Amino acid sequence: MAAAAGGSSVELNTVELKTRMLRAELSGTTASQMNAIRRTLLSDLPKLAIEDVEFHLGPIRDETSGKDYDSSTSMFDEAIALRLGLLPIPTDLGQFRKKSECTCKGEGCAHCQVMYSIDKKGPCTVYARDLLPLGDATLATLEPEVPIVRLGARQALLAYATAIVGTAREHAKWQVAQAVGFFPRATIKISKRAGCTDSCLKRVAEASPSGLLEFTGGKLTYRGGDDPEKAILLLGSQRLCEHGSLQVELDDNRFVLRFETDGSLSAREAFRFALKDLRRRFEELREAVQALP
Ligand SMILES: [Zn+2]
């Protein structure tokens, strides 16, 4: 990726990319730009989540055995609905959009909502996997083993749920990215300064987090290799030598971004969408400025 930023260009170096996790180094950027990306990842990514749950009230009859079940369970319906709301649902942003932006004008269609059903009779534990999509089976939740509620011998749960697209600005159940953070790239510089002693360097090494510094043969050495997440850990260690023999230099235009997703979007899709959304917002602003008399 390369994008214009104040004449220079932003470069992307993937440190680690998994389906649900991205760790990337961006250079030619600033802390403010990184923060804009961070805030967008946290609040503005759209995804599907259960919004409405309709519970069957009154007795539930099993047609085969003729047995009657009670529809009230050990948990309030609201609590069950909330649990269903928090389940991650795979979201294809090419297919789904917010109801307010849909061609159906908010009436609800195959592009803005997904219907599910649950039909379980006790005694049993109802799991997330019992929430069945009506239609496309690929829209089943990504966390099938989450327990929802335990049903007693004469209890049953019959409900219909509707998932719609939203963002975390409205409710945390629409939060795609978690643990979103960034930090500057740090470079470790070691050189024994005047006044510094072996015992001082030894003390610095012994107090270093995760044994990242080693003092052997009269020399202080850094053991963190090229891992940016290790170098930043030594930020506090430099204060331990008042002579300045250990220095952690922070780059103000190279940052490491790290986040995870709940799986509804892949880390790659989430990152791409966040950047697209930022561009859209600035483009709207630019048009507004253009329209000024
Ligand atoms: Zn629609």
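A short reminder: the numbers here are calculations on the coordinates, not readings from a lab. All figures in this text were calculated on a predicted structure; none of them were measured in a lab. Note: ideal-geometry Cβ built from the backbone for every residue, glycine included; neighbour counts use all protein chains shown.
Restricting to DSSP H runs of at least four residues, report the calculated mean residue ellipticity at 222 nm for the chain, -39500 (n - 2.57) per run over all residues, nearest 500 deg cm²/dmol. Show your work: numbers first, answer last.
Values: 5 runs with 59 residues, N = 293.
Calculated at 222 nm, the ellipticity per residue is -6000 deg cm²/dmol.
Taking 25 Å as the straight-line reach from the Cα of Lys219, the lysines in range (excluding those fewer than 8 positions away in the same chain) are Lys189, Lys192, Lys202, Lys230.
Farthest towards the positive end of the charge dipole of the chain, among the residues Thr162, Thr14, Val176, is the Cα of Thr14, using unit charges on the Cβ of Lys, Arg, Asp and Glu. Evaluated at q = 0.07, 0.09, 0.11, 0.13 Å⁻¹, the base-10 log of the normalised Debye intensity for the chain, with identical point scatterers placed on the Cα atoms, takes the values -0.45, -0.65, -0.81, -0.95.
Within the chain, helices built from complete DSSP H runs that reach 15 Å or longer along their own axis (Cα positions) and carry a mean Kyte-Doolittle hydropathy of -0.5 or higher are 31-43.
Tally Lys/Arg at +1 and Asp/Glu at -1 over every other residue whose Cβ is under 9 Å from the Cβ of Leu157; what's the total?
Net of charged neighbours comes to 0.
Taking θ as phi - 60° and the Karplus parameters 6.51, -1.76 and 1.60, the scalar couplings of the stretch 144-153 work out to x, 8, 6, x, 9, 7, 9, 9, x, 4 Hz in sequence order, x denoting glycine and proline.
Assuming 0.36 nm per residue, please report the length gained on full extension of the stretch Met75 to Glu229 beyond their Cα-Cα distance. Show your work: numbers first, answer last.
Details: separation 154, 0.36 × 154 = 55.44 nm, distance 4.32 nm.
Length gained, Met75 through Glu229: 51.1 nm.
What would the Debye equation give as log₁₀ I(q)/I(0) for the stretch 47-174 at q = 0.15 Å⁻¹, counting only Cα atoms as equal point scatterers? Treating every Cα as an identical point scatterer, log10 I(q)/I(0) equals -0.70.
Quick one: which of Lys105/Lys276; Lys105/Lys173; Lys47/Lys121; Lys67/Lys173; Lys18/Lys120; Lys120/Lys173 span more than 28 angstrom between C-alpha atoms? Let's see the in-between values first.
Numbers: Lys105/Lys276 24 Å; Lys105/Lys173 23 Å; Lys47/Lys121 31 Å; Lys67/Lys173 37 Å; Lys18/Lys120 35 Å; Lys120/Lys173 24 Å.
In this structure, Lys47/Lys121; Lys67/Lys173; Lys18/Lys120 exceed 28 Å between Cα atoms.
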